[in-house]
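Worksheet: one structure, shown below.
The values are calculated or read from the model by the stated rules, or taken from the named source; none is laboratory data. A quick note: this is a predicted structure, and the numbers were derived from the prediction, not measured. Note: ideal-geometry Cβ built from the backbone for every residue, glycine included; neighbour counts use all protein chains shown. Ligands, DNA and RNA are excluded from the accessible area calculation, which covers all protein heavy atoms including side chains. Shrake-Rupley method; radii C 1.70, N 1.55, O 1.52, S 1.80 Å.
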Amino acid sequence: MLSPEAEIETLRAAVARQFSVYGVVVSPMALTFQVGVPPGGVDAPFDALRLELVPKDYIPTITQEKGETLVHVQRRPRPRFARTQVNLILLLVTVLTTTFFGGAWNWMDYSGQPFLSAESIGFGSLFFTLPLLTILGSHEMGHYLVAKRYKVQASLPFFLPSVPPLGTFGAFISMRDPIPNRRALLDIGVSGPLVGFAIAIPVTLAGLALSAASPATGLTLAGEAQPSLLFRALSLFFPLPDTLLSHPHPLAFAGWVGLFVTAINLLPAGQLDGGHVARALLGSRQLYLSWSAVLILFGLSLFYPGWFLFGFLIFILGVRHPPPLNDLTRLDPGRKLIGIAAVAILIVTFVPQPFVTVASERGLAFVATDGTPLPINQTIALGTSILLTFGVNNTGPVKESVIVTAYDPNLNAFGFVILFTSYQIGSVVTPVSNNSVTLSLKATQLAAFDLRVTAPPVWPTPLPRYVAFVVVARTIDGSVSAQLPVDLQIIP
């Protein structure tokens, strides 16, 4: 342990190797050296000083005050960091939660297959878990590698497990050294979103292509992801109906999550990636932008409550972004353009209301398909047939197996024949010849039916004026049903 005098002299010698020192001010918080500015500027000598002192647990900063250039040196306690085993354990747990609570969950919603089926786990892992963790991991490794380039120590990514529909809260890295200057602050801050964004684009395009080739057969019961400007623009390359934009293939949803994570990280608040970029571009004025972002998030919580929690976390962790060690050197034009590009990416990927709640009530309804009012009221002559047309609509949010039956034992006993001749779903017509039809209807899907009613050639005297029967549609589990009354006037 050096004596105070020896420590001051050691630090003075380190500063003097890079700057001409003409004064020293000792305070309880730091040593302040009054220095001259080298002809080539302060960047290179200050960075050399940082690389010498930070490994010895000293933190130098450089400022200009009242026309003087000052180098401040503070001691920091030797930091303790989590072991690499923690990163590995969290990664393994997150792989499991993302496989089951992300991949299998989303594949179940998309395909209608059971949650724990081999198909849901396998295809969910392939089309959701793998691409999403690749996007998140690449994002954090972008930060990590650029930090290494600036000789700033950083941890490996910490992945965070979560619950459906993602299975992960994302990932982060821990900066173990202070950021040296504005250039490093911008480069480290923007590198993660740019790398994640670059990977999310082809993932989204591939997912949208699969969405167009194989539309969903189920819908999530929790909520629908809403498309950003960029997601909607990318969907223009594929013949997708609007309904698929809110419930795409799991691979497209992984791309959506990657784009949305990019937007969240680019918010110019606190110490988010966007906060780094804003602090590098605007200096201390970033505080106003940070407060504005937090207040906007609180306002958006009227539409999506999750924004309140996110804004509150930023508020608790700190709205103000600390300055880099060297806050004197401004950014070059190229980096300013990169910062502007980051703002543009934020605009096209941000979704003010990322999820909307969808109806969870199952239902079936009879509807008219040819303009004929419901319930049906028709006239039929003895010995003739009439064709009744109507539709059955699945008004619920999930795929249903539906049984549609038209049968009346009393009418059959008197010689009436009631048979379905066909039903049509979309452009596909299926011929049938039965009084009961079982079919599958996707959420909000309609099936149009042709029902032929044939009256007997003779009828007991006196001839009744009216007869009636009921067409019943019910789910295969019997929990949801609807009825269509049919009244017939019989004439000779």
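Of all the listed residues (Ser174, Ser191, Ser162), the sole one being open to solvent by less than 50 Å² (accessible area, probe 1.4 Å), at pLDDT below 95 and under 30 Å from Asn326 (Cβ atoms) is Ser174.
The residue that is farthest from Leu205 (Cα to Cα), counting only those in the stretch 77-130 that are of a type in the set (Ser, Thr, Tyr) and surrounded by fewer than 18 Cβ atoms within 10 Å (Cβ to Cβ), is Thr84. Among residues of the stretch 1-29 that are free of Cβ contacts under 8 Å to residues at least 40 places away in the same chain, those with a beta-carbon under 8 Å from a residue that is in a loop (DSSP other than H, G, I, E, B) at least six positions away or on a different chain give the pairs Thr10/Leu2; Gln18/Pro38; Ser20/Pro38. Going residue by residue through the stretch 375-384, is there one that turns out to be of a type outside the set (Val, Ile, Thr), under 17 Å from Gln483 (Cβ atoms) and open to solvent by less than 60 Å² (accessible area, probe 1.4 Å)? Among the residues of the stretch 375-384, not one is of a type outside the set (Val, Ile, Thr), under 17 Å from Gln483 (Cβ atoms) and open to solvent by less than 60 Å² (accessible area, probe 1.4 Å), which makes the answer no.
Sub-8 Å Cβ pairs linking a first residue in the stretch 60-86 that is more than 20 Å from Ala44 (Cβ to Cβ) to a second residue that is open to solvent by 60 Å² or more (accessible area, probe 1.4 Å) and at pLDDT 85 or above, at least 6 apart or interchain, are Thr84/Leu156, ordered by first then second residue. Taking the criterion of being under 21 Å from the mean Cα position of the chain (by Cα) and of a type in the set (Asp, Glu), would at least one residue in the stretch 140-147 satisfy it? Checked the stretch 140-147: at least one residue is under 21 Å from the mean Cα position of the chain (by Cα) and of a type in the set (Asp, Glu). Taking the stretch 447-471 as the range and being part of a strand (DSSP E or B) and surrounded by 17 or more Cβ atoms within 10 Å (Cβ to Cβ) as the test, the residues that pass are Ala447, Ala448, Phe449, Asp450, Leu451, Val453, Val467, Phe469, Val471.
In the stretch 35-53, the residues that are in a loop (DSSP other than H, G, I, E, B) form Cβ pairs under 7 Å with partners that are open to solvent by 40 Å² or more (accessible area, probe 1.4 Å), at six or more places apart or across chains, as follows: Val42/Leu328. Taking first residues from the stretch 408-425 that are at negative phi and without any contact (Cβ under 8 Å) to a residue 24 or more places away in the chain and partners that are polar (S, T, N, Q) and outside any loop (DSSP other than H, G, I, E, B), the Cβ contacts under 9 Å between residues at least 6 apart in sequence or on separate chains come to Ile425/Ser440.
Look at the stretch 264-278: where a residue is at positive phi and open to solvent by less than 20 Å² (accessible area, probe 1.4 Å) and a partner is assigned to a helix (DSSP H, G or I) and not charged (D, E, K, R), sitting 6+ places away or on another chain with Cβ atoms under 7 Å, you get Gly270/Ser290; Gly270/Ile314; Gly270/Leu317. Hey, could you check the stretch 217-234 for residues that are open to solvent by 10 Å² or more (accessible area, probe 1.4 Å) and assigned to a helix (DSSP H, G or I) and say which is modelled with the lowest pLDDT? Checked the stretch 217-234; the qualifying residue modelled with the lowest pLDDT is Arg232. A Cβ distance below 9 Å, combined with a sequence gap of six or more or placement on separate chains, defines the contacts here; from the stretch 202-215, residues that are free of Cβ contacts under 8 Å to residues at least 24 places away in the same chain reach residues that are outside any helix (DSSP H, G or I) in the pairs Ala213/Phe238; Ala213/His249. When the stretch 401-421 is filtered for residues that are open to solvent by less than 40 Å² (accessible area, probe 1.4 Å) and either at pLDDT 95 or above or of a type in the set (A, V, I, L, M) (or both), the ones remaining, listed by number, are Val402, Ile403, Val404, Ala406, Leu411, Ile418, Phe420.
Taking the stretch 282-351 as the region of interest, the helices (runs of 4 or more DSSP H) fully inside it that hold 3 or more residues being open to solvent by 30 Å² or more (accessible area, probe 1.4 Å), touching a Gly at 6+ places or on another chain (Cβ under 9 Å) and within 18 Å of Leu272 (Cα to Cα) are 286-300, 306-317. Contact map, the stretch 376-387: residues that are in contact (Cβ under 8 Å) with a residue 24 or more places away in the chain and hydroxyl-bearing (Ser, Thr, Tyr) paired with residues that are in a strand (DSSP E or B) and open to solvent by 60 Å² or more (accessible area, probe 1.4 Å), Cβ distance under 9 Å, separation 6+ or inter-chain. Pairs shown: Thr379/Ile491; Ser385/Val417; Ser385/Arg452. The numbered conditions (1) crowded, with 24+ Cβ neighbours inside 10 Å; (2) over 17 Å from Phe253 (Cβ atoms) are all true for Gly137 except (1).
Scanning the stretch 49-76 for residues that are open to solvent by 70 Å² or more (accessible area, probe 1.4 Å) and farther than 30 Å from Glu140 by Cα gives Gln64, Glu65, Lys66, Gly67. Scanning the stretch 1-48 for residues that are surrounded by 14 or more Cβ atoms within 10 Å (Cβ to Cβ) and aromatic (Phe, Trp, Tyr), we see that the one that is nearest to Asp332 (Cα to Cα) is Phe46. Is there a residue being of a type in the set (S, T, N, Q), modelled with pLDDT of 95 or more and over 16 Å from the mean Cα position of the chain (by Cα) anywhere in the stretch 79-89? The answer is no; no qualifying residue exists. Here Asp477 clears all of (1) exposed (fewer than 12 other Cβ atoms within 10 Å of the Cβ); (2) in contact with a Ser or Thr (Cβ under 7 Å, 6 or more places away or on another chain); (3) charged (D, E, K, R) except the condition numbered (2).
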